[in-house]
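Please read the structure below before turning to the comments.
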Amino acid sequence: GAVVSQHPSRVICKSGTSVKIECRSLDFQATTMFWYRQFPKQSLMLMATSNEGSKATYEQGVEKDKFLINHASLTLSTLTVTSAHPEDSSFYICSGRITSTDTQYFGPGTRLTVL
Amino acid sequence: TQLLEQSPQFLSIQEGENLTVYCNSSSVFSSLQWYRQEPGEGPVLLVTVVTGGEVKKLKRLTFQFGDARKDSSLHITAAQPGDTGLYLCAGAQDYKLSFGAGTTVTVRA
């Protein structure tokens, strides 16, 4: 299957700081990548759709100014959590979509803890 | 309200038994994907089903997509402790995935 990496795998930061998470498709080109968050014991909730070379599309209730997404190339999307607060602590997971099979392949996730 | 209703939420069985997980919706999906997720990791794709009525088999796992492309099931035959994990179904609409709440499967040795 296709491989997606995320960096970092874990990050701890102080309240008020910004954190950048990288998502890379290692062996395929992803015109579209997606960002999800997952709280303990819950399923994945889509935050935004990241399109290469254009603006991201955010789901209802997700603040675009707080969660900045950049998809500058066909293999890299970044999510920046700006002015992070404890309630932003969560497991953030990205995926890359392979168009021909309409299938998403997920990264290993990033555990964000905001103190 | 979740678009996909997944049941049961928890399933605990003895090694060697069979199990079935269901994924139901009133919406039609262009495809449906099943994933398995371990704690602290991202979901790993098990299968994608696209055609209504499609049945796919992967070793002891059998996946079925409903004729109307609204529901799906995952059946595991002779479950093993290594099958323990969180199983997630996800339906695709307009390139986006909507996930079910997940089924936590525990297979006791």
Inset, instruction - Give the residue, chosen from B:32, B:46, that is of a type outside the set (Val, Ile, Thr), without any contact (Cβ under 8 Å) to a residue 60 or more places away in the chain, in a strand (DSSP E or B) and within 13 Å of chain A (Cβ to nearest Cβ). - result: B:46
Legend entry - Answer residue from the range A:30-52, given it is in a strand (DSSP E or B) and aliphatic (A, V, I, L, M) and is farthest from the chain's Cα centre (by Cα) among those: A:45
Legend entry - Scope the range A:56-69; condition crowded, with 18+ Cβ neighbours inside 10 Å and assigned to a loop (DSSP other than H, G, I, E, B); matching residues: A:56
Inset, instruction - Identify the residue in the range B:13-33 that is within 15 Å of the chain's Cα centre (by Cα) and under 17 Å from residue B:96 (Cβ atoms) and, among all such residues, is surrounded by the fewest Cβ atoms within 10 Å (Cβ to Cβ). - result: B:31
Inset, instruction - Specify the residue that is surrounded by the fewest Cβ atoms within 10 Å (Cβ to Cβ); the eligible residues are those in the range A:96-108 that are more than 8 Å from chain B (Cβ to nearest Cβ) and part of a strand (DSSP E or B). - result: A:98
Legend entry - Meets criteria (among the aromatic types (Phe, Trp, Tyr) and more than 11 Å from residue B:90 (Cα to Cα)) for residue B:10: yes
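To keep it simple, each residue is scored yes or no on (1) at the interface with chain B (Cβ under 10 Å from one of its Cβ atoms); (2) in contact (Cβ under 8 Å) with a residue 12 or more places away in the chain; (3) among the hydrophobic types (A, V, I, L, M, F, W, C); (4) surrounded by 16 or more Cβ atoms within 10 Å (Cβ to Cβ).
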{"residue": "A:15", "(1), (2), (3), (4)": "no, yes, no, no"}
{"residue": "A:34", "(1), (2), (3), (4)": "yes, yes, yes, yes"}
{"residue": "A:39", "(1), (2), (3), (4)": "no, yes, yes, no"}
{"residue": "A:42", "(1), (2), (3), (4)": "yes, no, no, no"}
{"residue": "A:53", "(1), (2), (3), (4)": "no, yes, no, no"}
{"residue": "A:71", "(1), (2), (3), (4)": "no, yes, no, yes"}
Legend entry - Selection status of residue B:101, touching a residue at least 40 places away in the same chain (Cβ under 8 Å), under 23 Å from residue A:47 (Cα atoms) and in a strand (DSSP E or B): no
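None of the figures in this text is laboratory data; all of them are computed from the coordinates on show. Treat the numbers as computed from the prediction; the structure is a model and nothing was measured. Ideal geometry is used to build each Cβ from the backbone, glycine not excepted, and the neighbour counts take in all protein chains shown.
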